[in-house]
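To keep things clear, I will list the structure first and then write my remarks on it.
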Amino acid sequence: MGAERESVIGGGAVGTASALDLTVDAHVHTGFAAGRDAVGVVVSAADRAGLTALTFADQAGPDTTWLTAYADAVRRARHRTELRLRVAVEVEVVRPDGWLALPSDLAQLDALSVAVSGLPYGAELLDAREIRLRMNSGALTAEQVAEALVTATVRGLERASRYVPSQLARPLALLAQAGIEDSVLSPALVGELTAACRTTGTVVEISEAWRSPSARMVEMFRDAGVTVVPASDARYAAEVGRWQYLRRL
């Protein structure tokens, strides 16, 4: 393995040769979107959990109107805590060319967390259920799904990194949702994904809530010199910085 790399999120060593820094939570939600609690409540919970750094990554898109209020809330919270707080949003890849459903104003963001919750396939965006149906009918193979997913992910990261630092949210979770083992990924596809992360400086989130990526993929990311960070994907303050899957890894 390579030398340790410094985490752009926590400031500590989170490299290919070191243990994960579980005092960092790189993806939490608030009541502005997918979460249930206010920014201040989440920060207080992070303090109690012994965290040192927190990235807010609420789901946003072209119709989002609350981005300024959201960023202002995080900035105010910085005055009341010693935690390092970052403002990010989670955005979706919605086309095979990596087109992102971005909010209109990115100037207030420290990062973009890139997710692929549906498979961009031609002019369609297929959810896990539709992928399974098409595989059962013979219209799609697991290998085709894997290739399309990796291609869309790579192109999405390339687009996101043009604007602000990028993170990859719950990598390849769509495969598991569709009932596909990540062993379907060829060495070439894994190499394409890890190379894109390195080239774009993308930090890969290990999601507690989604149990993604697998231990096998985490090892591959780290062996390739990609920075990986803990991410609770917490919807509730009580879930922030609470690790079970991550501790097993």
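The values are calculated or read from the model by the stated rules, or taken from the named source; none is laboratory data. No experiment lies behind these values; they were computed from the predicted model shown. Virtual Cβ from ideal backbone geometry, glycine too; neighbours counted across all protein chains shown. Quick note on the areas: whole protein, heavy atoms, side chains included, nothing else; ligands and nucleic acids left out. Shrake-Rupley method; radii C 1.70, N 1.55, O 1.52, S 1.80 Å.
Does segment 84-104 contain at least one residue that is more than 19 Å from the chain's Cα centre (by Cα), open to solvent by 10 Å² or more (accessible area, probe 1.4 Å) and modelled with pLDDT under 95? Among the residues of segment 84-104, at least one is more than 19 Å from the chain's Cα centre (by Cα), open to solvent by 10 Å² or more (accessible area, probe 1.4 Å) and modelled with pLDDT under 95, which makes the answer yes. If you go through segment 189-223 and pick out every residue that is touching a residue at least 60 places away in the same chain (Cβ under 8 Å), farther than 21 Å from ASP58 by Cβ and not acidic (Asp, Glu), you end up with 2. Only a single criterion out of (1) within 15 Å of the chain's Cα centre (by Cα); (2) surrounded by fewer than 20 Cβ atoms within 10 Å (Cβ to Cβ) is not satisfied by SER183, namely (1).
Just one of (1) at pLDDT 95 or above; (2) assigned to a loop (DSSP other than H, G, I, E, B); (3) open to solvent by 40 Å² or more (accessible area, probe 1.4 Å) fails for ASP72. It is (2). When you scan segment 25-36, do you find a residue that is closer than 30 Å to ALA101 by Cα, open to solvent by less than 10 Å² (accessible area, probe 1.4 Å), part of a loop (DSSP other than H, G, I, E, B) and of a type in the set (Ser, Thr, Tyr), even just one? Yes, that holds for at least one residue. Scanning segment 131-150 for residues that are small (Gly, Ala, Ser), at negative phi and open to solvent by less than 80 Å² (accessible area, probe 1.4 Å) yields ALA139, ALA142, ALA146, ALA148. The residues on offer are ASP37, ASP25, ASP63, and the sole one that is acidic (Asp, Glu), in contact with a Phe, Trp or Tyr (Cβ under 7 Å, 6 or more places away or on another chain) and at pLDDT 95 or above is ASP37. On inspection, GLY50 passes the criterion of being in a loop (DSSP other than H, G, I, E, B), closer than 30 Å to LEU22 by Cβ and in contact (Cβ under 8 Å) with a residue 60 or more places away in the chain. Figure legend. Inter-residue proximity from segment 66-81: first residues under 13 Å from THR30 (Cα atoms), second residues acidic (Asp, Glu) and surrounded by 13 or more Cβ atoms within 10 Å (Cβ to Cβ), beta-carbon distance below 8 Å, spacing 6+ or different chains. Indicated pairs: TYR70/ASP58. Of all residues in segment 196-221, those satisfying the criterion of being open to solvent by 40 Å² or more (accessible area, probe 1.4 Å) and not hydroxyl-bearing (Ser, Thr, Tyr) are ARG198, GLY201, ALA209, TRP210, ARG211, ALA215, ARG216, GLU219, MET220.
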